[in-house]
Amino acid sequence: MYLTLIRHAWLQFSRAHYFGRSLGVKAIIAFMALIFLIYLYALGGSLPWLLLRFFPQKTAVDALFSLLLYIYAADLLTRYFAQKLPRQMIRAYLPLPLPRPKLARFILLRSWLSIYNLYLFALLLPFFVRTLYIPVSPQAFWLAMLCCFLLGGLNHAIVIWLKSWPGVAPRLILGGVLILAHVVPGALLFPQEYMQFSEALGQAFVNAHPLAFALPLLAIAALQWLSHKGLKRTFYDWAAEDARPARTAKGGMAGLLSRLPHYGHLWALEWKLITRNKRARSNFVQFPLMLPLLLYLLYAADRESVVGFTPLIMMFLGSYGLYHLQFAFSWESGFADFLATRKISTTAMIRARYYFYAAMAWAQFLLLMPFILWLNPGIISLAAGLVLFVTGPVFAMLLHTGVANSTRIDPNGRSFMNTEGVSGRLFITVILVFLSIVPVYVIAFLLPLPYLYGISLTTGGAGMAFVLGSRRWTRATALRFDRNKYHQLNKYRQSQW
Amino acid sequence: MVSIRITGLKKNYGEQTALHIDSLQIAPGSLTGIVGNNGAGKTTMFRLLLDLIRPEQGLAEIEGKAVKGSDHWKTFTGSYLDEGFLIGFLSPVEYFHFAARLHGISEKETEERLEAYAGFLGDEAGGSSKTIRQLSSGNKQKVGIVAALMIRPALLVLDEPFNYLDPSSQIMIRQMLQQINHNKGTTMLVSSHNLNYLTDICDRIVLLEKGKIVKDLTPPGDDLGEVEAYFRLQAGKPLP
């Protein structure tokens with residue numbers, strides 16, 4: 001039965017309409033992933049040398065162990081946002097005479113086949129080969145690898161347990177608590193003690209202390225058992241997903257927006273889209289969790305580190321719009337024919353969308369401004385410049401290139417590992433978004449100003465030019481969209497599920 | 001009242017010709033039924049008429065103006081072909097209001113107009129807090145049809161409006177179409193597999209086969225038995 005389910009998963013993957021699309025780009029992505037793994041492997045090989053530079057009083061192994069909890073805290077954070085429960089297609093099986101526990105077990109087993117359970121090995125394997133296998137003993141090496149497996153497995157079990165819970169709120173609260181449990185003592189309150197504990201934990205593993213293995217193992221088993229129980233309950237939710245009335249009450253934000261003149265009805269539509277579309281909503285509600293990280297980056301950024309931090313800061317300052325506009329014209333997959341047969345100006349639609357997400361980014365910035373002024377007042381001009389930059393050229397680029405994005409998938413319906421929506425155009429656009437800051441660095445470097453102010457000025461200037469010229473480029477984007485109308489509609493139609 | 005003219009309209013899907021109509025004129029205020037078996041080209045014809053796909057050659061005109069690349073017809077045309085016309089994440093009421101607003105109909109007026117369709121929509125499609133994507137196919141169909149009708153269009157294009165509907169709703173929609181056509185002079189193009197419903201209400205029946213018009217009948221002068229005989233012939237021998 002499990003084999004049949006695995007085969008079905010493969011068929012769903014390979015028969016998806018976008019499977020054969022952009023294979024070249026997917027090959028490039030796969031190649032880049034391979035390069036990334038090789039890079040991690042090389043980094044792992046040179047890690048002893050790097051660690052000894054920063055921690056000269058320790059051995060490389062002890063230095064790594066003192067950072068072990070930080071590494072796995074970052075891993076937990078990454079998994080929390082990125083790792084998915086492989087739940088697709090299960091709904092179709094629920095009415096069939098298949099035991100639910102078996103389905104739950106299948107989902108749990110399949111969830112272990114995840115890149116998140118592999119990537120850290122690429123980093124740590126060469127490190128432990130160099131520091132334990134050769135100079136100490138093969139036994140110490142295998143114990144260290146088991147330590148990595150158990151800590152990664154624990155993170156996996158935590159995230160899967162959280163994601164097998166019905167409802168978003170408990171997931172968000174529990175996830176937040178778990179992440180804070182690492183961040184508060186580790187980064188804010190007792191970093192020294194946290195590092196000492198981390199080091200002791202690593203040594204306990206290498207010294208084969210039974211408790212070091214038993215506790216995570218028991219925790220994993222307990223979490224998997226809880227996930228299995230939770231999943232069986234969650235199946236009912238999944239089965240009833242379409243029958244459950246959504247919150248469509250009048251008033252609220254959508255009501256407020258729809259009362260606004262001119263673009264009001266389109267803004268209300270956009271608001272309903274991001275709050276009711278499954279995928280959009282889950283990203284939208286999770287976005288605020290990233291804001292403490294943004295504040296931390298702004299706090300930590302100084303003259304030296306700002307260049308490295310800027311793309312990351314820019315990503316967060318763009319707010320939810322930076323993610324949403326990557327799929328700029330995909331969200332309408334389900335009602336493209338409706339739009340095409342109504343008297344709606346494409347320019348108005350694109351402008352409404354642009355103003356909506358630009359306003360969201362600015363509202364976020366204004367809300368964060370008191371915190372930024374408190375934490376690192378010197379960075380405020382750069383932050384303002386970057387908001388202008390994101391809401392200017394970056395949003396313009398996403399909207400303009402989005403017209404030619406060759407996939408029009410329903411972002412709700414996606415298939416595991418199909419990198420849906422990642423057309424060549426989108427792939428290049430996302431890379432360009434991050435590279436767009438490079439010319440700004442160069443110009444800032446040439447200006448007779450302190451570097452930080454130079455970047456603020458250039459990002460702000462470029463941003464302002466695009467914000468002020470938005471009527472012009474939105475019209476150009478709309479014209480481009482209209483010129484490709486039939487191609488667009490065809491893409492939408494192909495993407496129907 | 002709105003007229004339609006189709007001239008040399010051709011649409012291919014790969015090697016296959018989905019539609020090839022040399023000439024077709026739809027008179028203002030007429031109720032024309034388009035019939036044909038699956039793949040006959042009914043939906044393709046409607047998609048071309050609504051400028052949703054591009055023809056290889058030819059012209060579809062509404063009110064004397066080509067629809068291709070034009071918007072003029074949208075203000076007076078109500079249409080529903082399939083679920084692609086529905087906005088899944090809106091509730092039906094929100095959808096109606098959104099569609100109405102695009103046609104410049106006030107909220108109050110929309111409410112009033114919707115009241116007339118309350119019986120047809122029923123509780124689930126008319127008043128529940130479900131979003132459209134959560135509705136059954138029948139209720140989705142009702143929502144799409146009402147959204148097309150409530151704007152009081154001068155031209156109405158409906159593809160298989162009787163599909164998924166319960167028998168009472170099928171009778172209701174038949175009566176509504178007849179009434180609107182009669183009272184308001186709305187030009188209507190309706191396709192259906194249900195020959196009986198169409199022959200009852202339409203003043204013209206166009207039969208498509210493999211993208212071409214094979215019969216064009218105007219009852220009561222023409223004998224609709226011909227159409228029935230055609231389908232019987234197409235059915236061939238009954239399966240064992």
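The values are calculated or read from the model by the stated rules, or taken from the named source; none is laboratory data. Owing to the predicted nature of the structure, the values given are computational and were not obtained by experimental measurement. Neighbour counts run over all protein chains shown; Cβ positions are idealised from the backbone, glycine included. Accessible surface is based on the protein model in full, side chains and every heavy atom, while ligands, DNA and RNA are left aside. Shrake-Rupley method; radii C 1.70, N 1.55, O 1.52, S 1.80 Å.
Between B:LEU156, B:LEU165, which is under 22 Å from B:LEU48 (Cβ atoms) and within 17 Å of the chain's Cα centre (by Cα)?
Going through B:LEU156, B:LEU165 in turn, the sole match is B:LEU156.
Kindly evaluate B:GLU107 against the criterion of being more than 10 Å from chain A (Cβ to nearest Cβ) and either farther than 24 Å from B:LYS130 by Cβ or surrounded by fewer than 23 Cβ atoms within 10 Å (Cβ to Cβ) (or both).
Answer is no for this residue.
Testing B:PRO55 on (1) farther than 30 Å from B:GLY236 by Cα; (2) within 14 Å of chain A (Cβ to nearest Cβ); (3) open to solvent by 50 Å² or more (accessible area, probe 1.4 Å), one condition comes back false. Which one is that?
That leaves (3) as the condition not met.
Please tell me if B:ARG5 is under 20 Å from the mean Cα position of the chain (by Cα), of a type in the set (Lys, Arg), modelled with pLDDT of 95 or more and surrounded by fewer than 21 Cβ atoms within 10 Å (Cβ to Cβ).
The answer is yes for B:ARG5.
For the stretch B:78-104, how many residues are in a strand (DSSP E or B) and within 7 Å of another protein chain (Cβ to nearest Cβ)?
The total comes to 1.
Please name all residue pairs, on different chains or six or more residues apart, with Cβ atoms under 6 Å, provided the first residue is in the stretch A:213-239 and is open to solvent by 40 Å² or more (accessible area, probe 1.4 Å) and the second residue is not polar (S, T, N, Q).
Close Cβ pairs satisfying both conditions: A:LEU226/A:TRP161; A:LYS232/A:ARG100; A:LYS232/A:ALA104; A:ASP237/A:PRO166; A:ALA239/A:LEU94.
Here's a check for you: in the stretch B:62-77, which residue that is touching a Ser or Thr at 6+ places or on another chain (Cβ under 8 Å) and surrounded by fewer than 19 Cβ atoms within 10 Å (Cβ to Cβ) is farthest from the other protein chains (Cβ to nearest Cβ)?
So, considering only residues that are touching a Ser or Thr at 6+ places or on another chain (Cβ under 8 Å) and surrounded by fewer than 19 Cβ atoms within 10 Å (Cβ to Cβ), the one farthest from the other protein chains (Cβ to nearest Cβ) is B:GLY64.
Count, please, the residues in the stretch A:372-401 that happen to be open to solvent by 10 Å² or more (accessible area, probe 1.4 Å), β-branched (Val, Ile, Thr) and within 20 Å of A:PHE356 (Cβ to Cβ).
1
How about the stretch B:175-191: which of its residues are free of Cβ contacts under 8 Å to residues at least 40 places away in the same chain and either within 18 Å of B:LEU135 (Cβ to Cβ) or open to solvent by 50 Å² or more (accessible area, probe 1.4 Å) (or both)?
B:GLN175, B:GLN179, B:HIS182, B:ASN183, B:LYS184 - these are the residues of the stretch B:175-191 that are free of Cβ contacts under 8 Å to residues at least 40 places away in the same chain and either within 18 Å of B:LEU135 (Cβ to Cβ) or open to solvent by 50 Å² or more (accessible area, probe 1.4 Å) (or both).
Go through (1) within 11 Å of chain A (Cβ to nearest Cβ); (2) surrounded by fewer than 17 Cβ atoms within 10 Å (Cβ to Cβ); (3) in a helix (DSSP H, G or I); (4) not hydrophobic (A, V, I, L, M, F, W, C) for B:SER168 and report which single condition fails.
Here B:SER168 meets the rest and fails (1).
Taking the residues in the stretch A:36-89 that are open to solvent by 20 Å² or more (accessible area, probe 1.4 Å) and of a type in the set (Lys, Arg) as candidates, determine which candidate is nearest to A:LEU180 (Cα to Cα).
A:LYS84
Counting just the residues of the stretch B:110-123 that are within 13 Å of another protein chain (Cβ to nearest Cβ) and free of Cβ contacts under 8 Å to residues at least 12 places away in the same chain, which one comes out farthest from B:LEU49 (Cα to Cα)?
My answer is B:ASP123.
Kindly indicate whether A:ARG110 is within 19 Å of A:ARG279 (Cβ to Cβ) and either at pLDDT 80 or above or assigned by TED's automatic domain parsing to the domain that holds A:SER164 (or both).
Here the answer is no, as A:ARG110 does not meet what is asked.
Mind checking whether some residue in the stretch A:328-339 is in a helix (DSSP H, G or I), open to solvent by 30 Å² or more (accessible area, probe 1.4 Å) and within 14 Å of chain B (Cβ to nearest Cβ)?
Within the stretch A:328-339, one or more residues are in a helix (DSSP H, G or I), open to solvent by 30 Å² or more (accessible area, probe 1.4 Å) and within 14 Å of chain B (Cβ to nearest Cβ).
Would you check which residues across the stretch A:340-353 are at the interface with chain B (Cβ under 9 Å from one of its Cβ atoms) and in a helix (DSSP H, G or I) and list them?
A:ALA340
Got a number for residues in the stretch A:76-96 being under 27 Å from A:PHE287 (Cα atoms) and either at pLDDT 70 or above or of a type in the set (D, E, K, R) (or both)?
Residues in the stretch A:76-96 being under 27 Å from A:PHE287 (Cα atoms) and either at pLDDT 70 or above or of a type in the set (D, E, K, R) (or both): 12 in total.
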